[in-house]
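Notes to accompany the following structure.
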Amino acid sequence: MIKDNNNRSDGKALATSSLYTPDYILDKALDIGESILKCGGESHRIEDTVVRICSAYGAEQTDVFALPSLIIAGIRMPDGKTSSHVRRVYKTTNNMYKLDEINEISREICMGKINLEDIDNRLKEIQTSVPYSKIISVIGGMVAAGGFAVFFGGNIYDAIAAAIAGFFVSLMNIPKLNLVNKMLYTIAQAFVGAMCGLMLVHFGLGTNIDMIMIGTIMLMIPGLAFGNAVRDLLFGDTVSGIMQLVQAVLTAVMIAFGYIVAILFFGGVVK
Amino acid sequence: MTPVIVKIIAGTIATLAFAILFKVKAKLLPYATFGGFVACVIYFILTDTVGGAFMPNVVAAFIVALLSEVFARVKKAPSTVFLFPGCIALVPGGTLYYTMNSLLSKNYNEAFHFFLTTLTVGIAIGGGIIAVSLVIYLTTKMYNRLKK
């Protein structure tokens, strides 16, 4: 877990290591690292994985620096050949299925079970496979919003109202709207969530507007990003921690902005 | 008031739903949900006995992180798979809402109080997780030294 730089060069080189150029090895290792970053892996996990793969294929020294949007890496082989690559990542999501599968691939690579040439196919397989359909994701969003409405002290009617509001919020996840601008998208999502909550209370479904709102907030809150940022900061990944911290705070401000706009527009209807 | 047992059940169901949103594999879902259940139970017990915002969250996050490290080694999956859904019930969504609600009604003292609570909970979750990493690091180091 905590990085231990002294142990990194201990990995024994695989027998086939001399077949590959340093460029090729680093390129494949960074393919794996980039995939981990895209599905929400932490910086130290990316750095650790890239170092392990490179040293398994005979790199004498590997230097990796991963940020939430960028990976920089360089290797040096025993014969003095060097190579360095940079990868830029624009969009990250939380996808535990892909993270699990990629972890499996990197473990197999380090044990020498699969060749570097096969990585492309395996990664393509993972990119196309979908563990849950979109309908199940929307239902998941509804249940999560309803569950948290009760968790924070609401009654069953609040839960139903929060689930309906959660339905509209999760429905916005289906088109790739969030590629446009993440902050604007968060404002829109928060606005829709608050509007649905206020309307439902106005029409008599649900009594505690607070609990309904909290239920829908939980669907977009950056609380885990905040926890992750604190963990990265305490780990020593200072830059990555600060980047995540700023993103989390900005997202929270955007959520608040969306809710405040909705309450200013529709608040009079309820009270 | 909603009884605590109902709250725990609701929190567990919400954790399961979030595990699906995070796309945890179907065969790992029970383990991820169990982490959320444990987090809810510890959170409510400590809120009743100790109180405050820091202690319940830091202990719950610590136990969940420890559980997810154990599950990660048993099930050969990254610990994040169990950690993210497990911690979601601790996320300070309520206080964030009350922060902006107080801001909206121009009650700035209250808003600052809720803001600080939100911050404290965030730091508590991060602190609980980092404590487990430290424990794992020290035990593996000790284990390696004993093996030599």
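The values are calculated or read from the model by the stated rules, or taken from the named source; none is laboratory data. These numbers come from a predicted model, not from an experiment. No Cβ is skipped: glycine too gets one built from the backbone with ideal geometry, and neighbour counts run over all protein chains shown.
Filtering region A:31-82 to residues that are more than 13 Å from the chain's Cα centre (by Cα), surrounded by fewer than 18 Cβ atoms within 10 Å (Cβ to Cβ) and among the hydroxyl-bearing types (S, T, Y) leaves only A:T82.
Filtering region A:21-70 to residues that are touching a Leu at 6+ places or on another chain (Cβ under 6 Å) and hydrophobic (A, V, I, L, M, F, W, C) leaves A:C39, A:I46, A:A56.
Among (1) crowded, with 19+ Cβ neighbours inside 10 Å; (2) modelled with pLDDT of 90 or more, where does B:M55 come up short? That leaves (1) as the condition not met. If I filter region A:117-124 for residues that are free of Cβ contacts under 8 Å to residues at least 12 places away in the same chain, out of contact with any strand residue (DSSP E or B) (no Cβ under 9 Å at 6 or more places or on another chain) and closer than 30 Å to A:N181 by Cβ, do I get at least one hit? The answer is yes, given that some residue of region A:117-124 is free of Cβ contacts under 8 Å to residues at least 12 places away in the same chain, out of contact with any strand residue (DSSP E or B) (no Cβ under 9 Å at 6 or more places or on another chain) and closer than 30 Å to A:N181 by Cβ. Among the residues of region A:225-244, those that are of a type outside the set (F, W, Y), within 14 Å of the chain's Cα centre (by Cα), crowded, with 24+ Cβ neighbours inside 10 Å and over 15 Å from A:L70 (Cα atoms) comprise A:G227, A:N228, A:A229.
For region B:93-137, give me the residue count where each residue is more than 14 Å from the chain's Cα centre (by Cα) and within 9 Å of another protein chain (Cβ to nearest Cβ).
14
The set of residues in region B:2-21 being touching a Gly at 6+ places or on another chain (Cβ under 8 Å) and facing chain A (nearest Cβ under 7 Å) consists of B:T2, B:K7, B:A10, B:G11, B:I13, B:A14, B:A17, B:F18, B:I20, B:L21. Any chance region A:145-163 includes a residue that's part of a loop (DSSP other than H, G, I, E, B), farther than 30 Å from B:T47 by Cβ and at pLDDT below 90? No. Picking from residues in region B:138-148 that are farther than 25 Å from B:A60 by Cα and part of a helix (DSSP H, G or I), the one that is farthest from the other protein chains (Cβ to nearest Cβ) is B:L146. Among the numbered conditions (1) crowded, with 23+ Cβ neighbours inside 10 Å; (2) at the interface with another protein chain (Cβ under 9 Å from one of its Cβ atoms); (3) in contact (Cβ under 8 Å) with a residue 40 or more places away in the chain, the only one that B:L28 does not meet is (1). Quick one: how many residues across region A:127-161 are of a type in the set (V, I, T) and surrounded by fewer than 16 Cβ atoms within 10 Å (Cβ to Cβ)? Matching residues across region A:127-161 total 5. Considered as a group, the residues in region B:68-92 that are within 11 Å of the chain's Cα centre (by Cα) and among the aliphatic types (A, V, I, L, M) include one that is nearest to the other protein chains (Cβ to nearest Cβ), and that residue is B:V91.
Checking the structure you have, find out if any residue of region A:53-68 is assigned to a loop (DSSP other than H, G, I, E, B) and in contact with a strand residue (DSSP E or B) (Cβ under 7 Å, 6 or more places away or on another chain).
Looking for residues that are assigned to a loop (DSSP other than H, G, I, E, B) and in contact with a strand residue (DSSP E or B) (Cβ under 7 Å, 6 or more places away or on another chain), one finds at least one in region A:53-68, hence yes.
Looking for something within 13 Å of another protein chain (Cβ to nearest Cβ), within 28 Å of B:A89 (Cβ to Cβ) and part of a helix (DSSP H, G or I) - is there at least one such residue anywhere in region A:105-117? For region A:105-117, residues within 13 Å of another protein chain (Cβ to nearest Cβ), within 28 Å of B:A89 (Cβ to Cβ) and part of a helix (DSSP H, G or I): absent.
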